Amino acid sequence: MKRKTIAAVLIGLVLTAAGCGSDVETRNMEQIYADEGVPVTTKTVAPTLFSSFVVHKSVLTGVHESSAYAAVSDKIARVHYKVGDFVEKDAIVVSFPTDSPTAQYHQAKASYDNAKALYGRMESYYEAGGLSRQEFENAEASFEVAKANWDAKSQSVKVKAPISGIITRINVRESDNVRKDDELFAVSQVDRLKAKLWVSDKQIADIRKGVSASARWNGYTLEGSVVEVDMSMNQQHKAFGVVAEFENPGTLVKYGVTADIEIETYQNVNAIVVETKDILTDESGKSVFVAVDGVARKKPVSLGKSSGIEFEILSGLVEGDELITEGQMHLEDGKKIRLIESAVNASYEETH
């Protein structure tokens, strides 16, 4: 809108000049600028919050996740839950047949029952004084071994959830044949999510534990912070690992999605900030133009951090300076200017 207004002002000046007689018709644009001033807009410089970030894509996973694996090679008898279901710790999720020779489920159950009955009798004899302590402890040890074996066989055919949470992955279906140590399913606590990022050696210098981070996916934004920062480069990735965790209220963001992870690397709550378009570069370095008593003054500036479209100004501008934000490409130090904020405002009001 501002650029269109400035163009309209320039056209108006040319048309005005064209209608003022033969002497004025010979004036070129430079003469118009010299007589009327270069039309510009300005902005009063004031301290503001400035932050810079690094942005990476990463997969969001549960902060706490645990998988269950097959303890036997056998056929799946039943899958009791589906992906997305909430399960309590120790809930049976996947079952194998109990009559399979591989599982030896019934043999272990019989051994446990026999050892338990024998242990009960031995305990009674021992308490009555009819059994030595050594004989009782042997019976007790045999019972504990049988119980541990029964627990192991039971868990091998009735696979339980290792933690409470959401089932985020099930790798088997009923009647599938699986091998020992195959992953059966995974359970995650998704009220908090985490992301692992790999950042360069230049970026890692500005990242520290505790700085704020956010994850954006499908219109949702999760807030969190960096919880882990590697101190040495991973040779496989040729980068440094960074882990960030995020609150996921209502579990709106799904487990396993790829999100844009934004980590704050710098913050200055009292910064002088200038848009990149307002900074000029020439053989003398970086500079800006400010309005002083109706003329443009060129001021060298030194730049700090960048946020992509803005730069932090370390020196050269101070609070209260009138920074020229439009028309600066036609300026030189000391050139006469004409402020047109009122024209911009009037144009804005007409279109709204």
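The values are calculated or read from the model by the stated rules, or taken from the named source; none is laboratory data. Being a predicted model, the structure only gives us computed values, none of them experimental. All Cβ positions, even for glycine, are placed from backbone atoms using ideal geometry, and neighbour counts span all protein chains on display.
Quick look at the values:
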{"item": "Matching option when the condition is assigned to a strand (DSSP E or B) and of a type in the set (Lys, Arg), among 196, 202", "result": "196"}
{"item": "Residue selected from the range 308-333 under the condition loosely packed, with under 13 Cβ neighbours inside 10 Å and over 23 Å from residue 39 (Cβ atoms), by the criterion modelled with the lowest pLDDT", "result": "308"}
{"item": "Selected residue [in contact with an Asp or Glu (Cβ under 6 Å, 6 or more places away or on another chain) and free of Cβ contacts under 8 Å to residues at least 40 places away in the same chain] from 211, 227", "result": "227"}
{"item": "Some residue of the range 267-288 being part of a loop (DSSP other than H, G, I, E, B), assigned by TED's automatic domain parsing to the domain that holds residue 331, closer than 30 Å to residue 59 by Cα and among the polar types (S, T, N, Q)", "result": "no"}
{"item": "Answer residue from the range 155-177, given it is buried (at least 18 other Cβ atoms within 10 Å of the Cβ) and in a helix (DSSP H, G or I) and is modelled with the lowest pLDDT among those", "result": "156"}
{"item": "Lone qualifier among 298, 305 - being over 23 Å from residue 38 (Cβ atoms) and assigned to a strand (DSSP E or B)", "result": "305"}
{"item": "Test: residue 188 is in contact (Cβ under 8 Å) with a residue 40 or more places away in the chain and in a helix (DSSP H, G or I)", "result": "no"}
{"item": "Test: residue in the range 54-69 that is under 39 Å from the mean Cα position of the chain (by Cα), in a loop (DSSP other than H, G, I, E, B) and at pLDDT below 90", "result": "no"}
